[in-house]
Amino acid sequence: MASRLTKLGLTFLGSSALYFNSQATIKNDSKRNFYQDNTQDSVPGEPTKVEELQLPKLIKQEKETTSFLQEKVKGARIQLSHYLEESKKLYLNGSNKYFEAERKVTGTLSSLHDKREELFPNSLYVLTGLLSGLVLSRRKNILARVTFPLFTGLIAFKVFLPSTFANTFSWLDGVEQAKLPSVYSTQTALIKGTESLVKETENLTAANAKKVNEYYESAKLTVNEYTGLNVDQEISNKKK
């Protein structure tokens, strides 16, 4: 056993020696100059020639990056300022329109109201008339529920605020004429036709009444002529 181990050891040592002898020997070249790339003396901390060549390129890249960011920030600020300016204009235009409409409404209401008529308590009377129409139509159909309060409210408005009522309807008439000319012309023609029909009816009634009166007078004369009776004579109930 020991002789076998001895043989294996000798064999391993021989193989190792043969392997190392076959490798190329690295020799130290004493003639090599390790500083042959340094053509000039350099001070630590100072930029080398390569760094000096790269420095303008780095500065250019930095300037390009800075200018790009500046352009983006400038564009964003301009756009934001534009949006703020547009928002301000919209707000001012909306406010002006609102205040103009408010002044117009208040001025119109002030011009319609007759200062000789007291709003209080007359406005309460008008409101009472409107509520009366609601009470009267509470068990009616939908048409009556709409028309009754409107009708009673208008009657109360006409009775308790007559001048304001006339001014209001004159203003509504003007608005209708300006905004809806076709409807206004049709309505005006209808009103004129109705008025003419009413006048014709009144004239016809008066003419018929006159004609009937003439027939009556003629009949009285005929009776008086043929019978001798006086139709207009009063009959007395006194006994003689």
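If you take the square roots of the eigenvalues of the alpha-carbon gyration tensor of segment 113-213 and sort them as a ≥ b ≥ c, do you get rounded (a/c under 1.5), prolate (a/b over b/c) or oblate?
Numbers: a/c = 1.73, a/b = 1.46, b/c = 1.18.
Judged from the Cα gyration tensor, segment 113-213 comes out prolate (a/c at least 1.5, a/b above b/c).
Strictly over 23 Å apart at the Cα level, which of LYS104/LYS179; LYS74/LYS97; LYS115/LYS158 would you flag in this model? Please report the intermediate quantities before stating the final value.
Values: LYS104/LYS179 17 Å; LYS74/LYS97 35 Å; LYS115/LYS158 16 Å.
Where the Cα-Cα span goes over 23 Å, the pairs concerned are LYS74/LYS97.
Treating the beta-carbon of each Lys and Arg as +1 and of each Asp and Glu as -1, no other charges, what is the dipole magnitude of segment 65-206 about its Cα centre, to the nearest 20 debye?
Numbers: 18 positive and 13 negative charges, 124 e Å.
I would put it at about 600 debye.
How far apart, in nm, are two points set 7 Å out from the Cα along the Cα-to-Cβ line at LEU119 and at ALA206?
Label at LEU119, label at ALA206, 4.4 nm between them.
Sorted by packing (mean other beta-carbon atoms within 10 Å per residue), highest first, where do 134-145, 68-79 land? All intermediate terms of the calculation are to be shown ahead of the outcome.
Working: 134-145: 12.0, 68-79: 10.0.
Per-residue Cβ counts within 10 Å, averaged per peptide and sorted highest first, yield 134-145, 68-79.
For GLN187, what charge total do you get from the other residues with a beta carbon under 14 Å from its beta carbon, if Lys and Arg give +1 and Asp and Glu give -1? If you can, show how the numbers build up before the last one.
On the way: positive: LYS179, LYS192; negative: ASP173, GLU176, GLU195.
For residues surrounding GLN187, the net value is -1.
Values quoted throughout were computed directly from the atomic coordinates according to the rules given, and no laboratory measurement underlies them. The model shown is predicted, which means the values in this text are computed figures rather than measured ones. Reconstructed Cβ throughout: ideal geometry from the backbone, glycine too, with neighbour counts over all protein chains shown.
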